[in-house]
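Following: one structure in structure tokens, then a few remarks.
The values are calculated or read from the model by the stated rules, or taken from the named source; none is laboratory data. Nothing here was measured: the structure is a model prediction, and the numbers come from that model. Every residue, glycine among them, receives a Cβ derived from its backbone with ideal geometry; neighbour counts consider all protein chains shown.
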Amino acid sequence: MNVSGRPYRTIWPAADGMSVEIIDQTRLPHAFAAARLTTLDEAAHAIRAMLVRGAPLIGATAAWGMWLALRADASDAGLSHAHATLLATRPTAVNLRWALDRVRAQVALLAPAARAATAHRLAVEICDEDVAVNRGIAAAGLPLLRAIAARKAAGERVNVLTHCNAGWLAGVDLGMATAPIYAAHDAGIPLHVWVDETRPRNQGASLTAWELLNHGVPHTVIVDNAGGHLMQRGQVDLVIVGTDRTTATGDVCNKIGTYLKALAARDNGVPFYAAVPSSSIDWTIRDGLREIPIEERAAREVTHLTGRLADGTIGTVALTPTGSPAANPAFDVTPARLVTGLITERGVAEASEAGLRRLFPAV
Ligand code: MRU
């Protein structure tokens, strides 16, 4: 995507040939700045501290982290250590394991001297593949928006609600939930996006809003609790969210609060779709509620809020009484029965094992 007229991905190999650059997402929306990763520990820190986040980008960063690690130590022990260190950074997005296993499986077959170069090639491949997958999601999702637009009066806009950031910043480029939105906007379909703020880390308010603004897509930021009310009033035509892990049976695990949107959507007859890159399907599990590990993040993300102060500096304020405990489960599971469809790079699947298998018979 373009930022100030210049095309960017969220992660790219640096010109020095020895490091990787990322957009530091902890600084958005107030500053657009790159950060450099040169070691395994820096890559692991970037994922854990959410300088990079979003399921596909976590996977892509981990692949680059393997390259950084193998440049320093390509022994069997170094390979195991890098895989384990990166795998431990965040538990929910299955793309992390998918990318790490893919790199390890191929480099483990090689002599240590050949490993780093292969890891580099695989990291490039994983990034390019992610972009191609997101183009597929755009193509598969666009007809859904076009069909809604066709039922509207001329010039009346299609209202899409999204949660968290499953956008360009959550992948390598283009995004997942935003891919059909950008495609529709670019095709001249009038649309408007309701952007859930997404407490506690506010990925909607700070990242999705920034992306949409940057691309010129009309949007409105709302508090997380407003979606149900807007659906009751007929102001939401479609919900599209991302997913950090989709079970083989079509359950969708995404940012905390997604489930409540799906319930409200069902109650109001609003179609609820998840944009699903195949790298976020966990074919080994069938029951999202029991089998997906839900990340529990620091209470401080709930009790404190960071933003730009009136003097332009970035500051953090406390929201809750000192001494009140806080809990911070970061994801929830939306059962397949509440999901209208899964927008994958191979087309829209019914949220069921049969639906997914129809599109991915050989996995
Ligand atoms: O905690 P985050 O910001 O990494 O969570 C991101 C999301 O929940 C996205 O919706 C998700 O990664 C989907 S992208 C296919």
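So if I check each of T198, T246, which one is within 19 Å of T344 (Cα to Cα), crowded, with 21+ Cβ neighbours inside 10 Å, of a type in the set (V, I, T) and near the ligand (Cβ under 10 Å from one of its atoms)?
T246
Does region 37-48 contain at least one residue that is in a helix (DSSP H, G or I), away from the ligand (no atom under 16 Å from the Cβ) and among the basic types (K, R)?
No, that holds for no residue.
If C164 passes every condition in (1) in a loop (DSSP other than H, G, I, E, B); (2) away from the ligand (no atom under 13 Å from the Cβ) but one, which one does it miss?
Unmet condition: (2).
Tell me which residues, restricted to region 147-164, are exposed (fewer than 15 other Cβ atoms within 10 Å of the Cβ), touching a residue at least 24 places away in the same chain (Cβ under 8 Å) and among the small types (G, A, S).
Within region 147-164, just G155 meets the criteria.
So in region 95-135, with the set limited to residues that are of a type in the set (S, T, N, Q) and assigned by TED's automatic domain parsing to the domain that holds D73, which one is nearest to A60 (Cα to Cα)?
Step by step, filter region 95-135, then rank; the result is N95.
To keep it simple, each residue is scored yes or no on (1) crowded, with 24+ Cβ neighbours inside 10 Å; (2) closer than 30 Å to A274 by Cα; (3) free of Cβ contacts under 8 Å to residues at least 12 places away in the same chain.
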site	(1), (2), (3)
L57	yes, yes, no
W64	yes, yes, no
R71	no, no, no
D76	no, no, no
S80	no, no, yes
L87	no, yes, no
N95	yes, yes, no
T118	no, no, no
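Considering only residues of region 328-337 that are within 16 Å of the ligand (Cβ to nearest atom) and not aromatic (F, W, Y), which is surrounded by the fewest Cβ atoms within 10 Å (Cβ to Cβ)?
Once the filter is applied, the top-ranked residue is P329.
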